[in-house]
2 protein chains.
Amino acid sequence: MAGTDKTRPSTVSGGPVFILVEPQLGENIGMAARAMLNCGLDRLRLVKPRDGWPNDSAVAASADAHAVIDTVEVFDSTEDAIADLGFVLATTARPRDMTVRVLTPRHAVREMADIRATGADAGILFGRESKGLRNDDIVLADAIVTAPLNPAFSSLNLAQAVFCLAYEWRLLEDETPGDELAVPKATRPANKDELVGFFNHLESELDASGFLRVTEKRPVMVRNLRNLFERAGLTEQEVRTLRGVVASLTRERK
Amino acid sequence: MAGTDKTRPSTVSGGPVFILVEPQLGENIGMAARAMLNCGLDRLRLVKPRDGWPNDSAVAASADAHAVIDTVEVFDSTEDAIADLGFVLATTARPRDMTVRVLTPRHAVREMADIRATGADAGILFGRESKGLRNDDIVLADAIVTAPLNPAFSSLNLAQAVFCLAYEWRLLEDETPGDELAVPKATRPANKDELVGFFNHLESELDASGFLRVTEKRPVMVRNLRNLFERAGLTEQEVRTLRGVVASLTRERK
């Protein structure tokens with residue numbers, strides 16, 4: 001267990017352990033570390049990394065994901081790397097010659113969370129870039145995880161596979177609204193009084209210019225214009241800008 | 001619009017267009033192409049790639065994602081690259097100085113699908129590795145997409161950002177069961193007759209060996225053993241193997 005420091009505090013995030021089995025390229029280890037920290041995860045274990053550990057190209061590719069890359073644990077076998085875990089998943093394509101539960105990443109993270117809620121620890125195995133996990137490693141897992149990707153081109157880059165699982169874990173308890181209006185601190189959404197003030201200003205100028213001269217069409221045209229500006233979700237600052245625009249345009253025309 | 005061939009058929013997948021604005025590293029373009037094809041998408045556009053196009057390291061990193069990398073379209077400006085699109089999203093962190101709709105990736109792909117269902121085409125802008133999208137590009141978009149990641153470490157690798165959106169698009173209409181038992185073609189799940197045959201075999205041997213000799217405990221022990229094997233979801237082949245195991249163990253003991 002070279003590189004392992006049993007004295008370090010276990011985890012910041014409380015998330016599952018990510019275990020790369022015999023990773024070949026340091027760059028992929030680094031990108032995996034970055035992807036994990038992107039998703040708030042920091043427990044990375046390596047089984048016999050081909051180029052040893054520490055690895056300069058892993059550090060370089062990690063984009064300063066120190067919380068992950070500086071606390072990597074290295075093991076001599078998959079058995080050792082998962083010895084303390086009560087639930088283990090193996091990321092691999094659907095095997096042809098094995099009877100096994102196949103989970104989607106989205107389902108897999110829910111199951112990991114449920115198991116961790118009982119007090120057990122959980123981890124995910126990722127295989128070598130070239131050939132994936134060996135069957136002897138897969139049988140150590142409780143289930144396999146297969147992302148439902150393009151069947152004609154399903155082999156993910158190692159760091160993408162790590163991101164896929166880390167991202168699903170991150171979103172499991174995420175409550176970010178799917179659709180939200182971000183407004184700079186210097187301003188705020190316009191209130192209806194300000195909006196109607198602008199509408200009245202615009203419509204009175206359009207009455208003066210003759211744009212709304214056809215009486216029977218006026219209500220529809222006014223409604224369409226108001227609707228367009230309502231839909232934009234204007235800020236107070238933007239309403240002032242628009243009033244300035246109308247004033248400027250009418251000034252030039254006179 | 002160097003490299004653009006207007007005569008080629010538009011799209012295989014019918015998915016949205018992915019647009020990399022001023023990508024710097026060929027390797028990232030290649031990994032982005034691979035991630036797209038992993039998710040069944042093939043419409044990749046580049047705006048002023050730093051190292052020109054075609055790019056050998058992009059091809060090398062694409063892992064033979066020819067359907068994407070061989071049909072890349074190159075543009076001189078973001079305006080040109082999105083001219084034919086009715087709905088455009090910009091991937092970027094939440095801006096401080098702009099009033100804008102912020103969508104999660106999961107919500108964004110739903111909205112793109114809805115808009116495409118009306119007949120309009122949709123695309124997603126991804127910025128430079130070093131500095132992301134310029135504000136002048138962001139204002140061309142209908143909304144921005146921000147993945148709800150670790151706020152302290154939210155900057156995704158370019159190919160990871162592409163994968164994130166491509167993956168969400170892929171899963172939008174995916175109906176793969178979250179949890180499924182994969183059984184090799186050579187066998188099938190055992191039926192109850194086969195299972196009970198095995199149970200009776202095991203229990204009679206355990207009666208003979210004295211393991212079940214305490215009469216009042218026998219029903220519970222039998223139930224626990226049956227439960228354990230039921231839970232494993234055994235195949236017909238595995239039941240035969242287990243009967244062989246029992247036969248072999250009892251043979252050795254006699």
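The values are calculated or read from the model by the stated rules, or taken from the named source; none is laboratory data. Every value quoted in this text rests on a predicted model; they were computed, and no experiment measured them. Note: ideal-geometry Cβ built from the backbone for every residue, glycine included; neighbour counts use all protein chains shown. Accessible surface is based on the protein model in full, side chains and every heavy atom, while ligands, DNA and RNA are left aside. Shrake-Rupley method; radii C 1.70, N 1.55, O 1.52, S 1.80 Å.
Across segment B:77-113, the residues whose backbone nitrogen lies under 15 Å from the label position 7 Å along the beta-carbon direction of A:V245 are B:99. When the trypsin sites (Lys or Arg not before Pro) in segment B:163-228 are filtered for DSSP coil states and for at most 13 other beta-carbon atoms within 10 Å of their beta-carbon, the remaining sites are B:K185, B:R213, B:K217.
Tally up the carbon and sulfur contribution to the accessible surface of segment B:130-233 as a whole percent, 1.4 Å probe, everything protein left in place.
The nonpolar share, carbon plus sulfur, comes to 52 percent.
For the pair segment B:203-228 / segment B:23-99, the C-alpha centres are spaced 64 Å from each other.
Of the residues B:E168, B:E27, B:E216, the one that moves most in a GNM of chain B with alpha-carbon contacts below 10 Å is B:E216. Rounded to the nearest 10 degrees, the angle from helix A:236-253 to the longest Cα principal axis of chain A is 40 degrees. Against the main long axis of the alpha-carbon atoms of chain A, helix A:158-172 sits at an angle near 60°.
Shown are A:E129, B:E203, B:E79, whose ranking by accessible area with a 1.4 Å probe and every protein chain present, most to least, is B:E79, A:E129, B:E203.
Note down the nm distance, to one decimal, between modelled labels 7 Å out along Cα→Cβ at A:N200 and at A:R226. Between A:N200 and A:R226, the label points sit 1.3 nm apart. Helix B:26-38 and the longest principal axis of the C-alpha atoms of chain B enclose an angle of approximately 50°. Overall, the anisotropy analysis places chain A in the prolate class: the square-rooted eigenvalues a ≥ b ≥ c of its C-alpha gyration tensor yield a/c not less than 1.5, with a/b exceeding b/c. Could you work out which residue, out of A:Q160, A:Q237, A:Q24, moves most in a Gaussian network model of chain A, that is, has the largest mean-square fluctuation with Cα springs under 10 Å? With Cα springs under 10 Å in chain A, the top fluctuation among A:Q160, A:Q237, A:Q24 is at A:Q237. If R0 is 41 Å, the Cβ-Cβ spacing of A:D70 and B:S77 corresponds to a FRET efficiency of close to 0.45. Mark the label point 7 Å from the Cα of B:A182 along Cα→Cβ and return the residues of segment A:115-138 whose backbone N is within less than 18 Å of it. Taking a point 7 Å out along Cα→Cβ of B:A182, the residues of segment A:115-138 whose backbone N falls under 18 Å are A:124-138. Taking a ≥ b ≥ c as the square roots of the eigenvalues of the Cα gyration tensor, segment B:192-251 is oblate, since a/c reaches 1.5 or more and a/b is not larger than b/c. For chain B, set up a Gaussian network in which alpha carbons nearer than 10 Å are linked by springs, and say which option among B:D42, B:D97, B:D51 fluctuates the most. The residue that fluctuates most here is B:D97.
The phi torsions of segment B:180-193, fed into the Karplus equation with coefficients 6.51, -1.76 and 1.60 and a -60° offset, translate into couplings of 8, 9, 8, 10, x, 4, 5, 9, 7, x, 5, 8, 5, 4 Hz, rounded to whole numbers, with Gly and Pro shown as x. Accessible surface buried at the A:B interface totals approximately 4500 Å², computed with a 1.4 Å probe on protein heavy atoms.
For B:Q24, the point set 7 Å out from Cα toward Cβ sits 2.8 nm from its twins in the other copies, listed from shortest up.
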